[in-house]
Amino acid sequence: MSPDPVAEHEPILWESDHPRPERPALVTGLEGWGVLGGNGEFSWLRETRGARFDWGGVYVHGIRLTGPWVLQWGLGPEATPVRPAMTGIQVRRSRVTITRRARELAIREEVLFPPNLPGVARIVAVTSNLDAPATLHVESQVRPLLAPVLVEGLQPYEFTVEPLHGRLRVRAVGSSLVLDTDHPVERVRLDGVDWAGVVRRGGLARIDHGFTVELPAHGTIGLRFLLWGGVDGCVHPEEHRAAPGGWGASGDWVEQAATDWATWTAATPVLRCPDDPELEAGYGLARGALRSLYTRTEPEMQGLRAGYPWYGDIWGRDLAWALPAVLWMNDAEWAEASIRTAFEYQAPEDLPLLAATAGEIPMQLSPGPVFLYGTSDTSIYFFDRVRRWIAHTGQAEAILHEHREPLARLRRWLDRKMDPASRLITNGGEADRLRRLASVGSHSYGIDSPDMTIWDSADRRDHAVDVQVAALEAEEAYAELALGLGDSTGSWASVRRAEELRMLIRTRYAWAGERYLYDSLRRDGSALARVRPNALLAVSAGALGPAAAREVLNRALEPDLNAPWGLRTLSNRDPTYDPIAYHEGQVWPIATAWAAQAAFRVGLPERGVELLRVLARSYLREGGLANECYRGDRDEPWNSCCLLGFSVAPFLTTLFEGLWGLRPDLVHGKIAIEPTFPSAWREAELSNVVLGQGTLALFWRDGTLSAEWRGDRPLTVVHGGRETPLLPGTARVSLPRERT
Amino acid sequence: VRSSSLQLDSELAKEGVLLSWHFGGRSVAGLARIAEYIQRSVYLAGSFRRTEDGFRFVLLDPPLRLGAFVHLELLVDGRPVPGDRVLLRSERIGAPRSADSVGPVTPIELLPGDPVEFRVRTDPALGGGAHAVRLNLRNQAIPPLVWFEFHDRLLDRPTA
């Protein structure tokens, strides 16, 4: 008997038979997401910037529509309150299932983000334990928020309430929310006062919708609620005279959501590591976590959210770090649309109002659209991401033809970032220009962030090492892209420039005292002598010689930087170290993934796997989510989103490019495969890897690698110094090596 | 003041046109929406009033960042006010706290939906007319300074 594909690919991530309010449970959709606590309520208290704040609720288009959202029950003519206790919660990617029980009632609820709808649905089955029919009073209590997550500290204080096809619609800040049910609402109260169905403006703290239904003795009734809305112009309420899509389709929502998830998962690569089940399980969880960040709010705005709950927009840097993993998940089309979105909002010229310089990719992009620029590194990554996209698909001509102009703008942008004196790329001062925007009218406001590298609350001016490494990779990528664009002069210039950057990193950043790299150089040439994990990127990029690379890795893995739960953003021996400062000592999973990739690069697979296992264990412990960061002094999330793409995407990429050593070049019909497995391993498999129009499967047993290739063209595998052509439809063949 | 303000507005208008040209009118509308939102959601308009021994004002929400702040400084017309003369109170804060009681071990939490009243003792009394009131805040998790400044006319105490 074949297993149920939906159950296999859409498993329960975690479950509990008692309330776990401290655990988050997410339901996600392309247009938004919902946050519940592990007690099944739309309420989740989370320490945020040092204070506990309730993030539970429904979010659409980056707008927090409501939170909490409570259903209340009453029975009989007096509506005697019934308070069922939670008896179970099951969390899957597609939905959260909650069961509650009281003496009189049993309630089962499915919470999900229905496919292609801008809201969260609650599908409820109420079963009577009574021997006689009874009247059930249902109250849905909503706190309107309509707060853009983009400006996290704020919420509106004035709302417009208006009728919409017989229902209530609340509006503020260019956004709206509507609560629908499949039962006629009999009463609506605003802050405890009956609503007469007319337009009302002012403060509003609570909306109560109520209706009654007849509950048969020992019978079950179904109730459906949909809370939806979003940014005006992105959601079109005129189209929704009933619930969006109508209630007729709602019976299939659970099945459809589960099937969508299972279908996506089944189309991704399969990783088997019998010698390391934790790593294999971590892959499955990281894969699903990455997919839960996908967003498409308008045809031209597609990508991945940075994280949940408070980084729910597309952030250019986070998107760039996610894209390699998206490609490895066989989602070249999603990567393509994401890159197209990034280029759609590329600054065509200097836009001081938004802190943009010509050619820059946005820092942040929200539906509306609302977008801002002003980072030092985001744009640099996109040379390499376009190169990767081409390498995976082989479609160089079409891609380069479409993106010729954005790439030319990127090229000019990078050239402007170079300091002509030092020949290094400059970081710092990017956000200063935002101040003009922030001083419109009688108010001004701002954050004194002098520097906007990946650790954007740290001052790492003027030439951070990771910015130079990103530029080196950009030049290497552009050398390839320029050839495809017919610009051999530009290609050679990039080759020379990459070599120059490599030499500058090796010579100017070498820190003999620590056998490491300086974190940054100042414009006057003095060094910023801080031990941060960013130097590891130079190892992974091949910027250092073998001996220096190994020294840098070994130094990074000393306990002042490498805690048992991951790498800190700053050595705990540094005088400015603070275990709860975001970028001055907290542990970040992305930095742990950097260390793993560096370990594979220098040929230390045991260390690489050990570091990846740290991450895999956190995914298991966190129920398929991945914290943004942890305290530097103990294994405890702090000021941390419960899921960040940074925390899963580089892990996934490292499995493919570090552990399996894959480097596709479909333009030339090739892939290099140089796996580095721990010596204790005997077996590993990686199958269903889509490359161009074909699918590759790899099998490694006792040191021998074999492959299967199903494609319409031949694929040449480069392994151990030898090239082996695989013809279309190749059954499993061993891949010989030039040397062992 | 008026001419520089006009100049700024004209530059802004030009940039707005540029933005609209490249990204469509919705991009300008979106930006204006967020700017207006911040303008309405932080400083409570009309709350800057004279009190018996100084002045008061209300912030409806924390400016730009929520959380626990370890440093809080108030400046009026560019001059810092001693921390012991600045009192904050809100439903969440509970008993009024002075700005100089705020520190790494005793941070103050500023959260959305919890309006904070600032009462400031001044000696001598602040003159009438418009003033600039600036708040500097530092969060331990994300140390770069967050600041907010409003310009408003100091209103007299309500008459009984």
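Things worth noting here:
- Looking only at the stretch A:721-740, and only at residues there that are closer than 18 Å to A:Glu685 by Cα and outside any strand (DSSP E or B), the one that is nearest to the chain's Cα centre (by Cα): A:Leu735
- The condition (being surrounded by 14 or more Cβ atoms within 10 Å (Cβ to Cβ), closer than 18 Å to B:His151 by Cβ and modelled with pLDDT under 95) is satisfied by just one residue among B:Ser47, B:Ser41, B:Ser27, B:Ser20: B:Ser41.
- Residue match in the stretch A:44-58 (condition: within 24 Å of A:Asn116 (Cα to Cα), in a strand (DSSP E or B) and in contact with a strand residue (DSSP E or B) (Cβ under 7 Å, 6 or more places away or on another chain)): yes
- Residue selected from the stretch A:205-229 under the condition within 33 Å of the chain's Cα centre (by Cα) and assigned to a loop (DSSP other than H, G, I, E, B), by the criterion surrounded by the most Cβ atoms within 10 Å (Cβ to Cβ): A:Arg206
- Count - residues of the stretch A:169-193 that are farther than 16 Å from A:Arg143 by Cα, in a strand (DSSP E or B) and free of Cβ contacts under 8 Å to residues at least 40 places away in the same chain: 1
- Odd one out for A:Ala548, checked against (1) in contact with a strand residue (DSSP E or B) (Cβ under 8 Å, 6 or more places away or on another chain); (2) crowded, with 23+ Cβ neighbours inside 10 Å; (3) in a helix (DSSP H, G or I); (4) not acidic (Asp, Glu): (2)
- Within the stretch B:1-12, considering residues that are surrounded by 11 or more Cβ atoms within 10 Å (Cβ to Cβ) and modelled with pLDDT of 50 or more, the one nearest to A:Gly174 (Cα to Cα): B:Leu12
Per-residue answers, yes or no, for (1) buried (at least 22 other Cβ atoms within 10 Å of the Cβ); (2) touching a residue at least 12 places away in the same chain (Cβ under 8 Å); (3) more than 30 Å from B:His71 (Cα to Cα); (4) away from chain B (no Cβ under 14 Å):
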{"residue": "A:His18", "(1), (2), (3), (4)": "no, yes, yes, yes"}
{"residue": "A:Leu36", "(1), (2), (3), (4)": "yes, yes, yes, yes"}
{"residue": "A:Leu45", "(1), (2), (3), (4)": "no, yes, no, no"}
{"residue": "A:Asp54", "(1), (2), (3), (4)": "no, yes, no, no"}
{"residue": "A:Tyr59", "(1), (2), (3), (4)": "yes, yes, yes, yes"}
{"residue": "A:Gly74", "(1), (2), (3), (4)": "no, yes, yes, yes"}
{"residue": "A:Thr80", "(1), (2), (3), (4)": "no, no, yes, yes"}
{"residue": "A:Gln90", "(1), (2), (3), (4)": "no, yes, yes, yes"}
{"residue": "A:Ala102", "(1), (2), (3), (4)": "no, yes, yes, yes"}
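- Counted residues, the stretch A:1-16 - those being in contact with a helix residue (DSSP H, G or I) (Cβ under 7 Å, 6 or more places away or on another chain) and either free of Cβ contacts under 8 Å to residues at least 60 places away in the same chain or among the acidic types (Asp, Glu) (or both): 1
- Any chance A:Val120 is part of a strand (DSSP E or B) and over 20 Å from A:Ser43 (Cβ atoms): no
- Among the numbered conditions (1) crowded, with 18+ Cβ neighbours inside 10 Å; (2) farther than 16 Å from A:Asn116 by Cα; (3) basic (Lys, Arg), the only one that A:Arg291 does not meet is (2).
- Any hit, the stretch A:454-466, residues being at pLDDT below 95, touching a strand residue (DSSP E or B) at 6+ places or on another chain (Cβ under 7 Å) and in a strand (DSSP E or B): no
- Yes/no for A:Arg23 being touching a residue at least 24 places away in the same chain (Cβ under 8 Å), among the charged types (D, E, K, R) and under 26 Å from A:Asn116 (Cβ atoms): no
Every residue, every condition in (1) assigned to a loop (DSSP other than H, G, I, E, B); (2) more than 20 Å from the chain's Cα centre (by Cα); (3) among the aromatic types (Phe, Trp, Tyr), yes or no:
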residue: A:Asp578; (1), (2), (3): yes, yes, no
residue: A:Trp594; (1), (2), (3): no, no, yes
residue: A:Arg607; (1), (2), (3): no, yes, no
residue: A:Val614; (1), (2), (3): no, no, no
residue: A:Phe646; (1), (2), (3): no, no, yes
residue: A:Thr654; (1), (2), (3): no, no, no
residue: A:Ala672; (1), (2), (3): no, yes, no
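- Residue match in the stretch A:138-159 (condition: assigned to a loop (DSSP other than H, G, I, E, B) and of a type in the set (Val, Ile, Thr)): yes
- Residue count, the stretch A:610-642 (criterion: within 14 Å of another protein chain (Cβ to nearest Cβ), touching a residue at least 24 places away in the same chain (Cβ under 8 Å) and of a type in the set (D, E, K, R)): 3
- Within the stretch A:148-168, residues that are more than 13 Å from every other protein chain (Cβ to nearest Cβ) sit with their Cβ atoms under 9 Å from residues that are surrounded by fewer than 16 Cβ atoms within 10 Å (Cβ to Cβ) and among the hydrophobic types (A, V, I, L, M, F, W, C), at 6+ positions apart or across chains, in these pairs: A:Thr160/A:Val199; A:Val161/A:Val198; A:Val161/A:Val199; A:Glu162/A:Val198; A:Glu162/A:Val199; A:Pro163/A:Val198; A:Pro163/A:Val199; A:His165/A:Ala242.
- Each residue in the stretch A:326-374 was checked for being under 23 Å from A:His61 (Cα atoms) and either within 14 Å of another protein chain (Cβ to nearest Cβ) or not acidic (Asp, Glu) (or both), and 29 pass.
The values are calculated or read from the model by the stated rules, or taken from the named source; none is laboratory data. Keep in mind that what you see is a predicted model, and the values were worked out from it rather than measured. Every residue, glycine as well, gets a Cβ built from its backbone with ideal geometry; the counts of neighbours run over all protein chains shown.
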